[in-house]
Amino acid sequence: MPHVAGTTREGVGVTIKAIGEFTVQPGRREEFVSLFESLVAQHMSSMRAAGCLDSTLFAMVDDPDKAVEIADWESAEARDEAMQSEAMGAFAPLFELLAAPFSATVVKPLH
């Protein structure tokens, strides 16, 4: 079944996007990207089971020490539950590379 914006895979509810902004320690963005990609690849099946539909990491064009993740989730509730789960501990090594706490903004379609 193709994904339609604003619906979950089952066609019920509204999908959301979580936009995470990461400020990485100076000169360590490539290390962060490599570790991020490795961890996501290792844990994507459990992330999908928790309701994560997709996750893409972007480089910030005007700041070499920042990265932005945009992740599609089945619902805000699914994301909240996943963020509180023990499975998130696998991502702890990423946080050691940050120069500041990350920020996250959750958005949903207007229509």
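The values are calculated or read from the model by the stated rules, or taken from the named source; none is laboratory data. Keep in mind that this is a model prediction, so the values were computed, not measured. When we count neighbours, we look across all protein chains shown, and the Cβ atoms used for this are built from the backbone with ideal geometry, even at glycine.
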Residue by residue through the range 81-106, note down the ones that are farther than 19 Å from Gly27 by Cα and in a helix (DSSP H, G or I).
Glu81, Ala82, Met83, Gln84, Glu86, Ala87, Met88, Gly89, Ala90, Phe91, Ala92
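Hey, any hits in the range 13-21 for a residue that's modelled with pLDDT under 90 and surrounded by fewer than 17 Cβ atoms within 10 Å (Cβ to Cβ)? Let's see the steps before the verdict.
Just the residues of the range 13-21 that are modelled with pLDDT under 90, to begin with: 13-14.
Going one step further and asking which of them are surrounded by fewer than 17 Cβ atoms within 10 Å (Cβ to Cβ), we end up with 13-14.
Yes, the range 13-21 contains at least one residue that is modelled with pLDDT under 90 and surrounded by fewer than 17 Cβ atoms within 10 Å (Cβ to Cβ).
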Do we find a residue being at pLDDT below 95 and assigned to a helix (DSSP H, G or I) anywhere in the range 49-60?
yes
For the range 73-95, which positions are touching a residue at least 12 places away in the same chain (Cβ under 8 Å) and over 18 Å from Gly51 (Cβ atoms)?
Pro93, Leu94
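With the structure loaded, tell me whether Ala71 is assigned to a helix (DSSP H, G or I), touching a helix residue (DSSP H, G or I) at 6+ places or on another chain (Cβ under 9 Å), hydrophobic (A, V, I, L, M, F, W, C) and surrounded by 13 or more Cβ atoms within 10 Å (Cβ to Cβ) or whether it fails that test.
Values: assigned to a helix (DSSP H, G or I): no; touching a helix residue (DSSP H, G or I) at 6+ places or on another chain (Cβ under 9 Å): yes; hydrophobic (A, V, I, L, M, F, W, C): yes; surrounded by 13 or more Cβ atoms within 10 Å (Cβ to Cβ): yes.
For Ala71, the condition - assigned to a helix (DSSP H, G or I), touching a helix residue (DSSP H, G or I) at 6+ places or on another chain (Cβ under 9 Å), hydrophobic (A, V, I, L, M, F, W, C) and surrounded by 13 or more Cβ atoms within 10 Å (Cβ to Cβ) - is not met.
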Residue among Ala41, Ala78 that alone is in a helix (DSSP H, G or I) and surrounded by 13 or more Cβ atoms within 10 Å (Cβ to Cβ)
Ala78
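Go over the candidates Pro109, Pro2 one by one and state the one that is in a loop (DSSP other than H, G, I, E, B), at pLDDT below 90 and surrounded by fewer than 12 Cβ atoms within 10 Å (Cβ to Cβ).
Only one candidate qualifies: Pro2.
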List the pairs whose first member sits in the range 96-111 and is closer than 16 Å to Glu77 by Cβ, whose second member is outside any loop (DSSP other than H, G, I, E, B) and of a type outside the set (Asp, Glu), and whose Cβ atoms are under 6 Å apart, counting only residues at least 6 apart or on separate chains?
Ala104/Ala18; Ala104/Gly20; Val106/Ile16; Val106/Ala18; Val106/Ala76; Val107/Lys17; Lys108/Ile16
Can you tell me how many residues in the range 44-68 are under 21 Å from Thr23 (Cα atoms), surrounded by fewer than 16 Cβ atoms within 10 Å (Cβ to Cβ) and charged (D, E, K, R)?
2
